[in-house]
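What follows is a set of notes on a single structure, which appears directly below.
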Amino acid sequence: MTQDELKQKVAQAALEYIKDVPVIGVGTGSTVNHFINYLADMKGSIDGAVSSSVGTTERLKSLGIPVLDLNEVGTLEVYVDGADEINPHKQLIKGGGAALTREKIIAAASKTFVCIADDSKRVDVLGKFPLPVEVIPMSRSYVARELVKLGGQPVWREGCVTDNHNHILDVHNLNILDPIKLEQAINQITGVITVGLFAMRPADVVLVCQGETIVKF
Ligand code: 5RP
């Protein structure tokens, strides 16, 4: 199976979690795009979706799925999203697609966060994938210096402007042995909007496609 086929298969497996769920939180990325395609097949039986990015909103709308405002919907039953890295504790690195802030908001507002991924995303220790940090543009250099003090090597994702009009620093060479502590430390830096560490609010269920098998943990 190609990586894209693995993503499609795991996206299909997530349908199990949205039976009788009227409004679904929808993440961002190539794995979730497959999920959105499946969602389109059942749009008659849902009220709509809460979207985590402009890209996802456009895709949902183009397939006729109503996009709802999180403020109107309140707590969501289920949020389905991908990840860039997943550790055995269901803690994640996210933000490769620069949508981390809205993704984190929807994860926080959801009862069940179902993370879907191909097997390449599983790691024992988070940090090989550069950790995305969304920052207010004028704070970028200051935040970068603070991230160096925490042991990372931040690199400005030049040319990338988030949906919230902010910048991204990708922090390389972190060996994240205590994800909650690092998430808290980065959250404390003035100018940081969101760090793409999902440790304080990890996934509730992870579905990973390993060849023909869906592994759930
Ligand atoms: C976007 C994300 C994505 O979930 C993550 O990058 C995984 O993407 P893909 O499904 O394309 O591998 O966090 O901000």
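The values are calculated or read from the model by the stated rules, or taken from the named source; none is laboratory data. Just so you know, these numbers come straight off a predicted model, no measurement behind them. Virtual Cβ from ideal backbone geometry, glycine too; neighbours counted across all protein chains shown. Remember, those area values only see protein heavy atoms, side chains included, never the ligands or the DNA or RNA. Shrake-Rupley method; radii C 1.70, N 1.55, O 1.52, S 1.80 Å.
Brief remarks on what is shown
- Among residues of segment 80-99, those that are part of a loop (DSSP other than H, G, I, E, B) and among the aliphatic types (A, V, I, L, M), counted: 3
- Enumerated strands (runs of 3 or more DSSP E) restricted to segment 123-217, each holding at least 2 residues that are touching a residue at least 12 places away in the same chain (Cβ under 8 Å), closer than 13 Å to ASN87 by Cβ and not small (Gly, Ala, Ser): 205-210
- Residue match in segment 80-100 (condition: in contact with a helix residue (DSSP H, G or I) (Cβ under 7 Å, 6 or more places away or on another chain), β-branched (Val, Ile, Thr), surrounded by 17 or more Cβ atoms within 10 Å (Cβ to Cβ) and without any contact (Cβ under 8 Å) to a residue 40 or more places away in the chain): no
- In segment 101-146, the residues that are open to solvent by less than 30 Å² (accessible area, probe 1.4 Å), within 15 Å of the ligand (Cβ to nearest atom) and of a type in the set (Ser, Thr, Tyr): THR101, SER110
- Filter result (closer than 28 Å to LYS7 by Cα and of a type in the set (Val, Ile, Thr)) within segment 181-209: THR194, VAL195, VAL205, VAL206, VAL208
- Counted residues, segment 49-69 - those being crowded, with 19+ Cβ neighbours inside 10 Å, more than 15 Å from the ligand (Cβ to nearest atom) and free of Cβ contacts under 8 Å to residues at least 40 places away in the same chain: 3
- Some residue of segment 19-29 being in contact with a helix residue (DSSP H, G or I) (Cβ under 6 Å, 6 or more places away or on another chain), open to solvent by 10 Å² or more (accessible area, probe 1.4 Å), more than 22 Å from PRO130 (Cβ to Cβ) and away from the ligand (no atom under 13 Å from the Cβ): yes
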